[in-house]
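Engineer: Quick one: the structure is below, questions incoming.
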Amino acid sequence: KKSKKARAEGGPAGEAAAAAPAVRLFSRDGEAVAEEVPNAAAWQDGAVLQIGEAQYRVERTPPALTELRLPRSLLAGFPVCPKVSAEFAAPQHCLFRWYREQRPAAGGEAADGDGPAWVEAAGAERVFTPSNALVGLRLKLRCTPGDGAQRYGSPREVESSGPVEAGPGACTFDSRHLYTKKVCGEGSIRAVSYNILADTYAQTEFSRTVLFPYCAPYALELDYRQNLLKKELAGYSADLICLQEVDKSVFVDSLAPALDAFGLEGLFKIKEKQHEGLATFYRRDKFSLLSQHDIAFSEVLLSDPLHKDLCDKLAKYPLVQEKVLQRSSVLQVSVLQSATDPSRKICVANTHLYWHPKGGNIRLIQIAVALSHIKHIACDLYPSIPIIFCGDFNSIPSSGTYSFISSGGIAEDHEDWVSNGEEERCNMPLSHPFKLLSACGEPAYTNYVGGFHGCLDYIFIDKNALEVEQVIPLPSHEEVTTHQALPSVSHPSDHIALVCDLKWK
């Protein structure tokens, strides 16, 4: 109103009243932003807005932490990997400071009467490995979120719920880590396949009393096993890790954050009925993800024209068909591209087949679906890319499933078609086009429990394109049986990880 009146009256006084305060925008380094710069570019992060004499710091979407959590169980000598979730920030750009509780004075009270006093620990990395000297003390982590562009948000702190406990001493994987201290060179791929024993199966009364009665109850606890598992997996310095029996919460809260800190990106595929599934991790600076092609066997058998022939053959055997369709087994397939040589792509498949000892016929159907699906990806969608097929195949080397995978075909009169008796016989010839080789050979066993041991896990590779550079030796029989069988206080699963180095031919 004033300015209208002033303009109407004219004269110097009116002009002065009409003059607005000077508005200027400065970039972070103090340079004035020209008026003709478009808005989107002008409002760069950390700019300063000056209105008359007043200055305002402009922060656009400052880095912020949305979650900061420490694992419940801490063991000396085992890496502590916090779960870090952030907005407008990335864990690799955050600042970390670790603290330990101060030991109580001789009188038994903490140095400062109002709760624990904290002393900075020698740790400024995202992952912290407490030493034996910290047993009995709690830890605290202070994290400042950053975005990689030298912008930092408000820090947050989290204290551990309990103290660091003593570790179990020597573990089955310690000697294996001597072979995998470094990530292998360009042109080589270190692959791991491992059934990690889902918590949903480890914590049943049946598991504690019948399957694993020899295992100390605390060593079956999820938090304890996760400590061992994270140390074991991190120590393999792998490029590809295919896991089976992964609880969804374990993937989200434990494995993905831990392996992310070691440079690995994770993908998860759940089995809907069991709340556990498959996880594939790949090293970020070696590979990028091109596409994912995960399936549930029972679903695609009925819906995907790719499997129509098999589905028609199976329809003649309604008892077997019903059993196959009841299973919730899945297949995880990821197509990765080499970060250094984009012409190199690889198809990584991961599965866990039906477990029943008499289910050889069901496993043959499942693997036929898996290989047809992989063929579609590695022959049609990405012509002639090599495959690495990992998993718990629940099949010993003398089984029809193993024979089918490694030879390329199975006869309709193979004994596995009648694995569960005459009434579930389902004879059919099957074939696939791949030349697959078990990279780690046929070990005496990859699963060792009280009532059974046998080789059930494999890393199959395309022998036309890949060759084996080295197989990391499995733990000795003495190590496996130190505590009778697996799992144990020094081994987190009833299976043993397969680890090998592959190279392109």
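Engineer: Calculate, in nm to one decimal, what Ala117 and Val252 gain on full extension: separation in residues at 0.36 nm each, minus their alpha carbon distance. Spell out each step's value before the answer.
Structural biologist: Values: separation 135, 0.36 × 135 = 48.60 nm, distance 3.23 nm.
The span from Ala117 to Val252 would gain 45.4 nm if fully extended.
Engineer: A follow-up question, please. From the convex hull of the Cα coordinates of the stretch 392-470, what is the mean projected area in square nanometres? Can you show the working numbers first?
Structural biologist: Values: hull surface 25.5 nm².
Average projection, Cα convex hull of the stretch 392-470: 6.4 nm².
Engineer: What is the extension gain from Ser431 to Phe26, computed as 0.36 nm multiplied by their sequence separation minus the C-alpha to C-alpha distance, in nm to one decimal? List each step's numbers first, then the result.
Structural biologist: On the way: separation 405, 0.36 × 405 = 145.80 nm, distance 6.91 nm.
My answer for the length gained is 138.9 nm.
Engineer: Which links in Lys269/Lys316; Lys181/Lys230; Lys286/Lys375; Lys308/Lys375; Lys182/Lys345 stretch past 21 Å when you go from one Cα to the other? Please report the intermediate quantities before stating the final value.
Structural biologist: Working: Lys269/Lys316 31 Å; Lys181/Lys230 15 Å; Lys286/Lys375 24 Å; Lys308/Lys375 15 Å; Lys182/Lys345 23 Å.
Checking Cα-Cα distances, Lys269/Lys316; Lys286/Lys375; Lys182/Lys345 exceed 21 Å.
Engineer: Now a separate question. What is the ratio of the Cα radius of gyration of the stretch 194-335 to 2.2 N^0.38 Å, with N the residue count, to two decimals? Could you put the intermediate results ahead of the total?
Structural biologist: Values: Rg = 17.9 Å, N = 142, 2.2 N^0.38 = 14.5 Å.
Compared with the compact-globule rule of thumb, the stretch 194-335 sits at 1.24.
Engineer: Related question: When you have a sec, figure out the Kirkwood radius of the stretch 172-504 from all distinct Cα pair distances and drop it here in Å to one decimal?
Structural biologist: Mean inverse Cα-Cα distance, inverted, gives 20.1 Å.
Engineer: What does the highest-first list of 241-253, 68-80 look like by mean Cβ count within 10 Å?
Structural biologist: Most protected by this proxy first, the peptides run 241-253, 68-80.
Engineer: Where does each of 162-174, 193-205 land if you order them by average Cβ count within 10 Å, highest first? Write down the numbers at each step before the final one.
Structural biologist: Values: 162-174: 17.4, 193-205: 20.4.
Going by the mean number of other Cβ atoms within 10 Å, highest first, we get 193-205, 162-174.
Engineer: Provide the convex hull volume over Cα atoms per residue for the stretch 298-454, in Å³. Spell out each step's value before the answer.
Structural biologist: Details: hull volume 19.8 nm³, N = 157.
Per residue, the Cα convex hull of the stretch 298-454 comes to 126 Å³.
Engineer: Identify the trypsin sites (Lys or Arg not before Pro) of the stretch 303-337 meeting these criteria: DSSP loop state and at most 16 other C-beta atoms within 10 Å of the C-beta.
Structural biologist: Numbers: sites: Lys308, Lys313, Lys316, Lys323, Arg327; in loops: Lys316, Arg327.
Sparse-neighbourhood loop trypsin sites (Lys or Arg not before Pro): Lys316.
Engineer: Considering only the other residues whose Cβ falls under 15 Å of the Cβ of Ser85, what net charge follows from Lys and Arg at +1 and Asp and Glu at -1? Walk me through the intermediate numbers first.
Structural biologist: On the way: positive: Arg69, Lys83, Arg126, Arg156; negative: Glu67, Glu87, Asp147, Asp253, Asp260.
It works out to a net charge of -1.
Engineer: If you take every DSSP beta bridge whose two residues both sit in the chain, what share of them, in percent to the nearest 5, is antiparallel?
Structural biologist: Numbers: 83 of 97 bridges.
If we restrict to bridges inside the chain, about 85 percent are antiparallel.
Engineer: Using a 10 Å cut-off on Cβ atoms, rank the peptides 456-463, 391-398, 82-89 from the highest mean neighbour count down. Let's see the in-between values first.
Structural biologist: Working: 456-463: 23.2, 391-398: 21.4, 82-89: 19.2.
Output ranking for 456-463, 391-398, 82-89: 456-463, 391-398, 82-89.
Engineer: Mind checking the per residue accessible area of the chain for me, 1.4 Å probe, whole number of Å²? Intermediate values should be presented prior to the final figure.
Structural biologist: Numbers: 23310 Å² over 505 residues.
Counting only protein heavy atoms, the per-residue value for the chain is 46 Å².
The values are calculated or read from the model by the stated rules, or taken from the named source; none is laboratory data. Quantities reported herein were computed from a predicted structural model and do not represent experimental measurements. Virtual Cβ from ideal backbone geometry, glycine too; neighbours counted across all protein chains shown. For the accessible areas, the whole protein counts, side chains as well, though only heavy atoms, and no ligand, DNA or RNA atoms are used. Shrake-Rupley method; radii C 1.70, N 1.55, O 1.52, S 1.80 Å.
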